[in-house]
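Quick notes on the structure that follows.
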Amino acid sequence: MSANCIFCKIVRGEIPSGKVYEDDELLAFKDINPARPVHVLVIPKRHVESLAHVTDADAPVLGRMLAVANRIAVEQGSPDGFRIIINTGRIGNQEVPHLHLHIVGGPEPVGPMLKRI
């Protein structure tokens with residue numbers, strides 16, 4: 001874990017979160033600034049800076065993150081589908097340097113993937 005990482009502090013219980021799921025490897029909690037009615041972050045408990053920093057050894061936890069996504073989405077109110085977003089680095093608009101995926105959804109369609117330029 002990283003001493004100054006906000007998500008590592010959440011994992012350690014130093015900062016409260018709206019926890020919705022936890023197991024030995026992962027923690028999921030509601031986004032504090034939700035973009036959709038369902039907006040949950042899923043993070044590995046072990047600090048990994050971003051998707052650009054993963055190795056083959058991280059494959060099991062990455063798979064686990066995806067494997068629990070549907071369960072979390074359904075339990076949080078998005079049973080008819082959802083979107084997974086993993087922002088990576090500056091260009092990907094990653095705001096917190098700890099690997100995390102966003103589960104976004106709700107009762108209405110999420111909308112287009114990206115705005116055309």
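General remarks:
- Rounded to the nearest 20 debye, dipole of segment 6-105 from Cβ charges on Lys, Arg, Asp, Glu: 220 debye
- Cross-link partners of LYS19 among aspartates and glutamates (Cα-Cα below 17 Å; sequence separation of 8 or more within a chain): ASP31, GLU75
- Once exposed loop trypsin sites (Lys or Arg not before Pro) are cut out (DSSP; at most 13 other Cβ, 10 Å), longest piece of the chain: 13-89
- Rounded to the nearest whole Hz, the Karplus-based 3J(HN,Hα) values (6.51 cos²θ - 1.76 cosθ + 1.60, θ = phi - 60°) of segment 26-40 follow the sequence 10, 9, 10, 8, 5, 5, 6, 10, x, 8, 9, x, 10, 8, 10, with x at glycine and proline.
- Options ALA69, SER50, LEU26, ranked by Cα towards positive dipole end of the chain, top entry (Cβ charges): SER50
- With a Förster radius of 30 Å applied to the C-beta separation of ASN33 and ARG90, the computed FRET efficiency comes to 0.95.
- Per residue, the average separation of C-alpha pairs within less than 8 Å and at least 6 apart gives segment 6-105 a relative contact order of 31 percent.
- Length released on extending from ARG116 to ILE15, taking residue separation times 0.36 nm less the Cα-Cα span: 32.6 nm
- Per residue, the convex hull around the alpha carbon atoms of segment 6-105 comes to 94 Å³.
Values in this text are rule-based calculations from the coordinates and carry no lab data. In this text the structure is predicted, and so the values were computed from the model without any measurement. Positions of Cβ are generated from backbone atoms using ideal geometry, with glycine treated the same way; all protein chains shown enter the neighbour counts.
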